[in-house]
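What follows is a single structure, written as structure tokens, with notes after it.
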Amino acid sequence: MKKLVIATQNQNKFKEMKEALAGIPWGLQPAFDFPGAPEVLEDGKTLEENSLKKAREVALFTGLPSLADDTGLFVDFIGGQPGIYAARFAGENCTYEDNVRKLLGLLEKAPDESRGAVFKTVITFFRPDGSFDQVAGEIGGTITRSARGEGGFGYDPIFLPAGHSKVFAEMTLDEKNRISHRGQAVQKAKELLKD
């Protein structure tokens, strides 16, 4: 079976990607299974740049095709922040809880109609010959006033997708993968990976 490296050091993200990619004819391995795999510096100005950089560096290090995603959360009330800095919004080495606390603090006085947000994911499939493809997914919703649910990671406890009554953290992984930004992008990536 062909091997595909998921270019992440994040165990939660790998678990979610692995479940979403079920059924493809590839053996999946996370970058953290490869000793010395680079901890890629996400210094791009867009999700596309960061996704490509992660996929390229991991593919070149392992000699295997790789798949990388970069995700951003764009909140209306604060001018599109945290944007591409979603993972480190509260500073370097911050926790998911730190990021959620900071975002809720910034939105404390925001009226309900100004709490709109969009989650976007870009996935890059990079081949060792240097060729690559990119796909994307996005979902709109609102930021709740407090955290809910026990599942998921990141901003899942406070992101309520439009048309739904549960935040991502209250959904099963399967429910979330069916509608989420990452789930949409992964479905498009699966089409690339069938060939």
Report task. Sort through Lys176, Lys194 and tell me the only one that's in contact with a Phe, Trp or Tyr (Cβ under 8 Å, 6 or more places away or on another chain), of a type in the set (Lys, Arg) and at pLDDT below 95. Result -> Lys176
Query raised in the report: Only one residue in Phe77, Phe61, Phe125 is touching a helix residue (DSSP H, G or I) at 6+ places or on another chain (Cβ under 6 Å) and under 30 Å from Pro25 (Cα atoms). Which one?
Result: Phe125
Query raised in the report: Got at least one residue in the range 103-113 being of a type in the set (D, E, K, R), out of contact with any strand residue (DSSP E or B) (no Cβ under 6 Å at 6 or more places or on another chain), in contact (Cβ under 8 Å) with a residue 12 or more places away in the chain and under 14 Å from Thr142 (Cα atoms)?
Result: yes
Query raised in the report: Could you count how many residues in the range 57-84 are out of contact with any Ser or Thr (no Cβ under 8 Å at 6 or more places or on another chain) and assigned to a helix (DSSP H, G or I)?
Result: 5
Query raised in the report: Among the residues of the range 146-165, is there at least one that is farther than 20 Å from Asn50 by Cα, among the β-branched types (Val, Ile, Thr) and either surrounded by fewer than 16 Cβ atoms within 10 Å (Cβ to Cβ) or without any contact (Cβ under 8 Å) to a residue 12 or more places away in the chain (or both)?
Result: no
Report summary line: In the set Glu191, Glu175, the lone residue that is acidic (Asp, Glu), closer than 26 Å to Arg56 by Cβ and assigned to a helix (DSSP H, G or I) is Glu191
Requested in this report: Looking only at the range 118-137, decide whether some residue is assigned to a loop (DSSP other than H, G, I, E, B), without any contact (Cβ under 8 Å) to a residue 12 or more places away in the chain and more than 18 Å from Ala7 (Cα to Cα).
Outcome: no
Requested in this report: Considering only the range 85-114, state which residues are in a loop (DSSP other than H, G, I, E, B), of a type in the set (D, E, K, R) and closer than 20 Å to Asn50 by Cα.
Outcome: Glu92
Query raised in the report: Scanning the range 16-31 for residues that are touching a residue at least 40 places away in the same chain (Cβ under 8 Å) and closer than 20 Å to Ser51 by Cβ, which turns out surrounded by the most Cβ atoms within 10 Å (Cβ to Cβ)?
Result: Met17
Query raised in the report: Cβ-Cβ below 6 Å, separation at least six or inter-chain, first residue in the range 58-82 and closer than 14 Å to Val40 by Cβ, second surrounded by fewer than 22 Cβ atoms within 10 Å (Cβ to Cβ) and of a type outside the set (A, V, I, L, M): which pairs?
Result: Ala59/Pro128; Phe61/Pro38; Thr62/Phe34; Leu67/Phe125
Query raised in the report: Residues in the range 1-22 that are closer than 16 Å to Lys190 by Cβ, assigned to a loop (DSSP other than H, G, I, E, B) and modelled with pLDDT of 90 or more: how many?
Result: 1
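The values are calculated or read from the model by the stated rules, or taken from the named source; none is laboratory data. Model, not experiment: these values are computed from the prediction. Using ideal geometry, Cβ is built from the backbone for each residue, glycine included, and neighbour counts are taken over all protein chains shown.
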